[in-house]
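J.: Sharing a structure with you now.
The values are calculated or read from the model by the stated rules, or taken from the named source; none is laboratory data. Given the structure is predicted, the values throughout are model-derived calculations rather than measurements. Virtual Cβ from ideal backbone geometry, glycine too; neighbours counted across all protein chains shown.
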Amino acid sequence: MAKRMIKTKFTLDEVVEECTRRNSDQSEDDISDEESDVSSIDTVAEDLFLDGGDVTLDKQSNETDEDWEPSSKKPYTNRQDDSTSSEDKPQTSPTQRDSASKRPRGKGRARGRGKGRARGRGKGRARGRGRTASTSGQAEMSIPTSEERWNDVDVPDVTPPQPTFRPTKSPGPQLIRTANYTALQLFQLFFTNSVLLTIIKNTNDFGSTHHSNPSNPWIDVTVQDMLAFMAMVIYMGLIKLPSITDYWRESHLYSLPFPKTLLTGKKFLRICHSLHLSSLVDDAANEQRRGTSEFDRLCKIKPLYSEIRDACKINYHPGQEISIDERMVASKARIGIKQFMKNKPCRWGYKLFVLADSSNGYTWDFFVYEGKLQGNSGKGLSYESVMELVDTQLLGTGYKLFVDNFYTSPSLFCDLLQKRIWACGTIRTNRIGFPKTKINTLVSKSLRGSIRWIRKDSLLFVQWRDTRDVFMCTTLHTAHGGDTVQRRVKDADGHWVLKNISVPPAVKEYNRFMGGVDLSDSLINYYKVIHKTQRWYKTLFYHFMDIAIVNAFLLYKDLTKGKGEVPMHQKAFRETLVEELAAAAKIPAPSSTPRSKHHKPVHITAHSTMGRLRCRQCQAKTPVKCSSCDIPLCFVPNRDCYNEWHDANNL
């Protein structure tokens, strides 16, 4: 017998709600990859970072800061069974409910990784983290008030208090300005003897362990060998050849006399393969910590890395205008610290955050980005990187810092101002704290050179129309003044003419002082010593050499100009440095031996092929040495190094 149907009466609102609820009842399996937001928080942060943004400070306009909760199916129940009556919660119109239920899930948040690229965030994980880390004060700054509007140039602006420059040291080289320094002496301020001896010791330990065998035993690298190796590396930056072995080829097309006077090609390659900066004991101890929070990704460069950072800060003090920017060191090695920046000329490599003097490009401080934040302030990578580099105890106060839109944020500028550091930079309009009002903003018909501005206490936000709109944030400038800039525009007849247009003081000083790191990069890239290597720490070793050479050149240039002399160009400085390194690598002649002393060739061992040593004259293996000088020398018909060496040393 058929079961009797029970009729239930529903209101119109209840029918609409139940229909919309069923339309929105999709299971996790029914959602397509394009609609799904199943991507990890790290993936979203990385995607935004690749676009040049900061996941903590950049906020998309169509998103809220509320944590996302996964939708869950609700069984069909009678409206009268709900524990909460309609009187206890606000009513929503059917149109609003219908639009809310049909809103695409995850659109506006997904970053287009495509099918199969998601990292699998578990169900119920919040997807708004990183964007909710802002303080309540920052959130309040984003809410436009009734009085907030963009002002034009007719409205006067106050002139903020200008910084009083109080550096801890006198700006410029921290050397005796009246003394004469050679290129090698300036270079050794960064590659000190202690660092060089440490590298030699670690290289010998690594070479004797990994590159030694009975048929080809490891011969320890000496100080002279390392100096010759470094001279050859710098020489390769001046003279470019396709392959390293081409520098020692005997062909008339490639015959270069200078490399042969330094060291043999085999010795150069052997040092190059065995070059090691850290000790094997430290490497083994650090490897045992892999997978833990104590693991140090930069362990293999730490001896040189720490020393050269300190040397850069000790030997020079920057002027009032400084800038911070990132630098990419090209590499395709498979290691976690390698980064990808699609908007950079060098897209794959190691990322360095650099603080440079805006006047000459001197690299005052830097650090290698390890792929994770260094601090725990919760304010993002851009905030942490600036605070890591700006050390007021070493710098002093009253500095003017210039940064680009990756770093600029109201939170950062306010905290810098508390440390007596003034700042200026371009800013993203979606950054937390940027004014959200559209009242009196520039429109499409606004003329080139139009200016709009808003001041919030010590922060000034400026909008300027050039070929496109430029947005600035600053704590040290006024909104507008009498500054102008020339632009090529078409007149009424269609001819290109120069025209003066208004420019805010913030934009003019930003264009003047922001290029400190770019200037440093240009000086490095002219004659950079880096060449391809499979070891990531060797790539950074060569880059540290470039930093030391460029900084030494800038010290020389400053000292020379202080004496009223004309300094040489960087190429001539590098050539001089190569010659001085080569001269230092020459083994000093032994003390004169009286002619009456008997010199004769003797065999090193009783076997002709075992126990041979490198000839002091030609670097080939020989079983013969001088009995008096105790120096291995070839003594064969086609290679009489024994007599040649004794004649050259008057023995």
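J.: For Glu287, only one of the following conditions fails: (1) over 33 Å from the mean Cα position of the chain (by Cα); (2) at pLDDT 90 or above. What is its number?
T.: Looking at each condition in turn, Glu287 falls short on (1).
J.: Also, I was wondering about something else. Given the criterion within 30 Å of Ser377 (Cα to Cα), more than 29 Å from the chain's Cα centre (by Cα) and at pLDDT 90 or above, identify the matching residue among Thr474, Thr437, Thr478. Write out each step before concluding.
T.: Values: Thr474 fails: more than 29 Å from the chain's Cα centre (by Cα); Thr478 fails: within 30 Å of Ser377 (Cα to Cα).
Just a single option satisfies the conditions, and that option is Thr437.
J.: Could I ask something else about it? If I filter region 224-235 for residues that are surrounded by fewer than 17 Cβ atoms within 10 Å (Cβ to Cβ), touching a Leu at 6+ places or on another chain (Cβ under 8 Å) and of a type outside the set (D, E, K, R), do I get at least one hit? Give the derivation first.
T.: Within region 224-235, the first condition is being surrounded by fewer than 17 Cβ atoms within 10 Å (Cβ to Cβ), and the residues that meet it are 224.
Retained after the next criterion (residues that are touching a Leu at 6+ places or on another chain (Cβ under 8 Å)): none.
No, because not a single residue in region 224-235 is surrounded by fewer than 17 Cβ atoms within 10 Å (Cβ to Cβ), touching a Leu at 6+ places or on another chain (Cβ under 8 Å) and of a type outside the set (D, E, K, R).
J.: Consider only pairs whose beta carbons are under 7 Å apart and that are at least six residues apart or on different chains; among these, list those whose first residue lies in region 211-229 and is closer than 18 Å to Met545 by Cβ and whose second residue is among the aromatic types (Phe, Trp, Tyr).
T.: Note: pairs meeting the criteria are Phe229/Phe268.
J.: May I pose another question? Of all the residues that make up region 416-457, how many are in contact with a helix residue (DSSP H, G or I) (Cβ under 6 Å, 6 or more places away or on another chain) and outside any loop (DSSP other than H, G, I, E, B)? First the steps, then the outcome.
T.: Start the filter on region 416-457 by keeping residues that are in contact with a helix residue (DSSP H, G or I) (Cβ under 6 Å, 6 or more places away or on another chain), which leaves 419, 423-424, 432-433.
Then keep just the ones that are outside any loop (DSSP other than H, G, I, E, B); that gives 423-424.
Qualifying residue count, region 416-457: 2.
J.: Might you check whether a residue that is in contact with a Ser or Thr (Cβ under 9 Å, 6 or more places away or on another chain) and free of Cβ contacts under 8 Å to residues at least 24 places away in the same chain occurs anywhere in region 307-318?
T.: Within region 307-318, not a single residue is in contact with a Ser or Thr (Cβ under 9 Å, 6 or more places away or on another chain) and free of Cβ contacts under 8 Å to residues at least 24 places away in the same chain.
J.: Another question, if that's okay. What about Tyr254, is it in contact (Cβ under 8 Å) with a residue 12 or more places away in the chain, of a type in the set (Phe, Trp, Tyr) and over 27 Å from Phe191 (Cα atoms)?
T.: Numbers: in contact (Cβ under 8 Å) with a residue 12 or more places away in the chain: yes; of a type in the set (Phe, Trp, Tyr): yes; over 27 Å from Phe191 (Cα atoms): yes.
So Tyr254 passes the test.
J.: Identify, please: which residue in region 312-355 is assigned to a loop (DSSP other than H, G, I, E, B), under 26 Å from Phe187 (Cβ atoms) and small (Gly, Ala, Ser) and is, among those, modelled with the lowest pLDDT? Full working, then the answer.
T.: As a first pass, look at region 312-355 and keep what is assigned to a loop (DSSP other than H, G, I, E, B): 315, 318-320, 331-337, 341-347.
Narrowing the set further to residues that are under 26 Å from Phe187 (Cβ atoms) leaves 315, 318-319, 331, 346.
With the extra rule that they be small (Gly, Ala, Ser), the set shrinks to 319, 331.
Working: Gly319: 95, Ser331: 79.
Here the residue is Ser331.
J.: Among the numbered criteria (1) of a type in the set (S, T, N, Q); (2) at pLDDT below 90; (3) under 19 Å from the mean Cα position of the chain (by Cα), which single criterion is violated by Gln534?
T.: If we test Gln534 against (1) of a type in the set (S, T, N, Q); (2) at pLDDT below 90; (3) under 19 Å from the mean Cα position of the chain (by Cα), just (3) comes out false.
J.: Output the residue which, of all residues in region 409-419 that are of a type outside the set (Lys, Arg) and under 17 Å from Thr392 (Cα atoms), is nearest to the chain's Cα centre (by Cα). Reasoning before the result, please.
T.: Initial filter on region 409-419 (of a type outside the set (Lys, Arg)): 409-418.
Next cut, under 17 Å from Thr392 (Cα atoms) only: 412-418.
Numbers: Leu412: 19, Phe413: 21, Cys414: 24, Asp415: 23, Leu416: 21, Leu417: 25, Gln418: 26 Å.
Checked region 409-419; the qualifying residue nearest to the chain's Cα centre (by Cα) is Leu412.
J.: Check Thr576, Thr560 and return the single one that is without any contact (Cβ under 8 Å) to a residue 24 or more places away in the chain, under 16 Å from Phe187 (Cβ atoms), surrounded by 15 or more Cβ atoms within 10 Å (Cβ to Cβ) and out of contact with any Phe, Trp or Tyr (no Cβ under 8 Å at 6 or more places or on another chain).
T.: On the way: Thr576 fails: without any contact (Cβ under 8 Å) to a residue 24 or more places away in the chain.
Going through Thr576, Thr560 in turn, just one is without any contact (Cβ under 8 Å) to a residue 24 or more places away in the chain, under 16 Å from Phe187 (Cβ atoms), surrounded by 15 or more Cβ atoms within 10 Å (Cβ to Cβ) and out of contact with any Phe, Trp or Tyr (no Cβ under 8 Å at 6 or more places or on another chain): Thr560.
J.: Right, here's the next one. When Ala479 is evaluated against the numbered criteria (1) closer than 30 Å to Gly349 by Cβ; (2) surrounded by 22 or more Cβ atoms within 10 Å (Cβ to Cβ); (3) among the small types (Gly, Ala, Ser), which criterion, by number, is the only one it fails?
T.: (1)
J.: Of all the residues that make up region 607-621, how many are out of contact with any Lys or Arg (no Cβ under 6 Å at 6 or more places or on another chain) and farther than 16 Å from Lys260 by Cβ? Before the answer, list the steps.
T.: Step one: list which residues in region 607-621 are out of contact with any Lys or Arg (no Cβ under 6 Å at 6 or more places or on another chain), which gives 607-611, 613-620.
Now restrict to residues that are farther than 16 Å from Lys260 by Cβ: 607-611, 613.
The total comes to 6.
J.: Can you tell me which of Val517, Val529 is modelled with pLDDT under 90 and either in contact with a His (Cβ under 7 Å, 6 or more places away or on another chain) or crowded, with 20+ Cβ neighbours inside 10 Å (or both)?
T.: Numbers: Val517 fails: modelled with pLDDT under 90.
Of the residues listed, the single one that is modelled with pLDDT under 90 and either in contact with a His (Cβ under 7 Å, 6 or more places away or on another chain) or crowded, with 20+ Cβ neighbours inside 10 Å (or both) is Val529.
J.: Which residues, taken from region 616-647, are small (Gly, Ala, Ser) and farther than 11 Å from Val602 by Cβ?
T.: Correct list: Ala620 only.
J.: If I filter region 500-513 for residues that are assigned to a helix (DSSP H, G or I) and among the acidic types (Asp, Glu), do I get at least one hit?
T.: Initially, region 500-513 is screened for residues assigned to a helix (DSSP H, G or I), giving 505-513.
Okay, now just the ones that are also among the acidic types (Asp, Glu), so 509.
Checking region 500-513: at least one residue is assigned to a helix (DSSP H, G or I) and among the acidic types (Asp, Glu).
J.: What are the residues in region 420-445 that are more than 30 Å from Gln393 (Cβ to Cβ) and surrounded by 15 or more Cβ atoms within 10 Å (Cβ to Cβ), if any? I'd like the intermediate steps shown before the answer.
T.: First pass over region 420-445, keeping only residues more than 30 Å from Gln393 (Cβ to Cβ): 428-430, 434-445.
Arg428, Asn430, Phe434, Pro435, Thr437, Leu442, listed by residue number.
J.: On to the next question. What's the number of the only condition in (1) buried (at least 20 other Cβ atoms within 10 Å of the Cβ); (2) among the hydroxyl-bearing types (Ser, Thr, Tyr); (3) outside any strand (DSSP E or B) that Ser293 fails to meet?
T.: Of everything listed in (1) buried (at least 20 other Cβ atoms within 10 Å of the Cβ); (2) among the hydroxyl-bearing types (Ser, Thr, Tyr); (3) outside any strand (DSSP E or B), Ser293 misses just condition (1).
J.: Just give me the residues in region 326-350 being of a type in the set (Lys, Arg), within 20 Å of Ile301 (Cα to Cα) and surrounded by fewer than 21 Cβ atoms within 10 Å (Cβ to Cβ), in sequence order.
T.: Filtering region 326-350 down to residues of a type in the set (Lys, Arg) leaves 327, 332, 334, 338, 342, 344, 347.
From what's left, within 20 Å of Ile301 (Cα to Cα): 327, 332, 334, 338.
Correct list: Lys332, Arg334, Lys338.
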